[in-house]
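Bear in mind these aren't lab numbers, they're just calculated from the coordinates by the rules spelled out. Owing to the predicted nature of the structure, the values given are computational and were not obtained by experimental measurement. In this analysis, Cβ positions are derived from the backbone assuming ideal geometry, glycine residues included, and neighbour counts consider all displayed protein chains.
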Amino acid sequence: MLPDVHLRRLLMFLLLVSAAGACPAIEVGDTAPDWELARPDGSASRFHLESSGSVSVVLFWATWCPYCRTLMPHLQKVAEDFRQRGVRFYALSVWEDGDVVDHMARHGFTFDLLLAAETAARDWGVKGTPGLFVVGPDGRVLYRRNSGDDDLDVEFAVREILALAIK
């Protein structure tokens, strides 16, 4: 018999696979879907309302995702360099079985943490983690990370897109 944590991860994976065809992936040039999600303090986040006129980096992630664990430090460096220039950074927790608040604090991540974002992931066409997007001030997607992209290449691409978008 599988330990509980492995069983939960297997069930989350099966749920993800079964829902994978629900919505097509959001592509560069598409309008980013809206969301209303909860922060850990219980307050609500409305993407279109909060990000209108701003450039945003949107990350769909999970504590158990090894690719998220290697990508997030790169994104934190980008956040430290661009947040003061008005760029918003969102970390949307999906298919989670860990303590996301503790994980973010332990690793020094300062993204705006949003919980239980499975519906948003479906709407954005996210089929696996990490799902990463840069959204322009007009609400259109400027960048989408492709599966298998190298973390350092992603960091450089995001930096380049942000520098162009906030001119």
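Take every Cα pair under 8 Å whose residues are at least 6 apart in sequence, average their separation, divide by the length of the chain, and the relative contact order is 33 percent. With labels modelled as points extended 7 Å from the Cα through the Cβ direction, what inter-label distance (nm, one decimal) is found for residue 159 paired with residue 50? With each label placed 7 Å out from Cα toward Cβ, I get 2.6 nm. The mean of 1/r over all pairs of different alpha-carbon atoms in the chain, once inverted, gives a Kirkwood hydrodynamic radius of 16.1 Å.
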